[in-house]
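What follows is a single structure, written as C-alpha cells, with notes after it.
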Amino acid sequence: MKKLITAAVGLSFLVGVASADVASDQKAFINHFKTILPKVEFAEFSNGVYAVDEGSREQFEEILDGIPPYEGAVEKGGKEYLKFGLNKCASLADPAAARIKHPYFDEASQQVVTLESAIKKCYAKQTGKKLGSKKGKIARISAWISDQAVGKKINVIVKSAGAKAAYAKGKATFYAKRGQFNMSCADCHVYNAGKKARADILSPALGHTTHVPMYRAKWAGLGTLHRRYGGCYKNMRAKPLKAQTEAYRNLEFFHQAMSNGLEITDARYRK
Ligand code: HEC
C-alpha cells in the first residue's frame, strides 16, 4: 500500500512537470534558494550577486547612491522612444504596462513575444529600419521602458496549451547540459548560487530578470537579457544563439516566470 501511494505521488509529480505548472515550479525554485541562502530575503533577490556577496555590496550601493554610469543612456532611451514614435504602437503606448505584459505568449503566432521583440517590431513599422537586439538603441529604449515600471511586480502568465509548451521548452533549455563543460544554467545559477566560480560569485537565477537590460562594467554599457544569455553560453563553452531567436525567447519566458512576484528595479549595475 505504502509503495502504491509513493508511486501515485511520484506520478502526480511527473504530471505536474509535464503540465508546466508555473506556480509549483516557482515554489520549488524559491524553496531551494531559501534552503541554500537562508539569510537572503525574497525581495533582495532582485539585486543578483549583491544579494549574496557581502564583499561587493558596499561598492554596489555606492554606485547606486551616486550617478549610476547608465543614467544618461536610459534618459537617451526615453528621448528615442518618442523620437521614433514608439508611443504610437499599441504594444508600447503605455510603457509601464508594456514591461509587465512582456514576455507573453501570442496565440495568433504561437510564439513568445518579448519586450525587445515588440520594440523591434514597432521600430521597424515606424521607421522602416531594423533595430539590433543586444546593445545600443534597443538596450537604452528597453531600459527606459522598464524604468517606468519600477516597483511593479513581474507577472508572467502561462495558461494556454501553446504557452505551456513554450514554457516547457524554455525550462528544458535552462536545465539542459551543453558546451565543452557539459553544464546547464541551473548548475551555476541554481545549485551553486552564492558559491565562487573562478573570480566570480554566482548569482541566484531567482531575480535574474528584475533589472534588465543590465549595465555591466565589463561591457562599459547596457545590454539586453539575450546579450547576457550569449555571454553565459560562452561561459559554458557553447556557441551562443542569436538574440531574440525562438529558443532564447522561450528560455526568457521560463526564466522571467521564475521571478514572478519580484519587483522591477532600476538598479541595473553589475560588474
Ligand atoms: C559556468 C557557470 C555559468 C553557467 C553554466 C551559466 N552562467 Fe550565467 N553567469 C555566470 C557568471 C560568472 C555570471 C556573472 C556573475 C553573476 O551574476 O552570477 C553570470 C551572470 C548571469 C546573468 C546576469 C545576472 C545579473 O544579475 O545581471 C544572467 C541573467 C545569467 N547569467 C543567465 C544564465 C543562463 C540563462 C544560463 C544558461 C544558458 C547561464 N547563465 C549559465 C556563470 C554561468
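For the pairs Lys129/Lys239; Lys27/Lys159; Lys164/Lys242, flag any whose C-alpha to C-alpha distance is greater than 19 Å. Mind showing how you got there, number by number?
Values: Lys129/Lys239 28 Å; Lys27/Lys159 17 Å; Lys164/Lys242 23 Å.
Over 19 Å apart, Cα to Cα: Lys129/Lys239; Lys164/Lys242.
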If one builds a Gaussian network model of the chain from Cα atoms under 10 Å apart, the most fluctuating residue listed among His208, His255, His32 is His32
Once normalised by the length of the chain, the mean sequence separation of its alpha carbon contacts under 8 Å that are 6 or more apart gives a contact order in percent of 27 percent
Across Thr35, Thr114, Thr224, the residue with the highest GNM fluctuation in the chain (Cα network, 10 Å cutoff) is Thr35
Of the residues Tyr191, Ala93, Thr224, the Cα lying farthest along the dipole of the chain towards its positive end, which is defined by charges on the beta carbon of Lys, Arg, Asp and Glu, belongs to Thr224
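I'd like to check one number: the per residue accessible area of the chain, probe 1.4 Å, reported in Å² as a whole number.
Numbers: 13870 Å² over 271 residues.
That works out to 51 Å² for each residue.
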Between the modelled labels at Thr127 and Asn192 (7 Å from Cα along Cα→Cβ) the distance in nm is 4.0 nm
In debye to the nearest 20, the charge dipole size for the chain, taken about the Cα centre with +1 at each Lys and Arg Cβ and -1 at each Asp and Glu Cβ, equals 1200 debye
When the charge dipole of region 20-271 is computed with +1 at the Cβ of Lys and Arg and -1 at the Cβ of Asp and Glu, the Cα pointing farthest to the positive end, of Phe33, Ser259, Pro103, is that of Pro103
Carbon plus sulfur, as percent of the 1.4 Å-probe accessible area of region 20-271, comes to 52 percent
Per GNM of the chain with C-alpha springs under 10 angstrom, the most fluctuating residue out of Phe105, Phe181, Phe29 is Phe181
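The values are calculated or read from the model by the stated rules, or taken from the named source; none is laboratory data. Keep in mind the model is a prediction, meaning the values are calculated, not measured. Please note: Cβ atoms are built from the backbone with ideal geometry, for glycine as well, and neighbour counts cover all protein chains shown. To get the accessible areas, we keep the full protein, side chains included, count just its heavy atoms, and leave off ligands, DNA and RNA. Shrake-Rupley method; radii C 1.70, N 1.55, O 1.52, S 1.80 Å.
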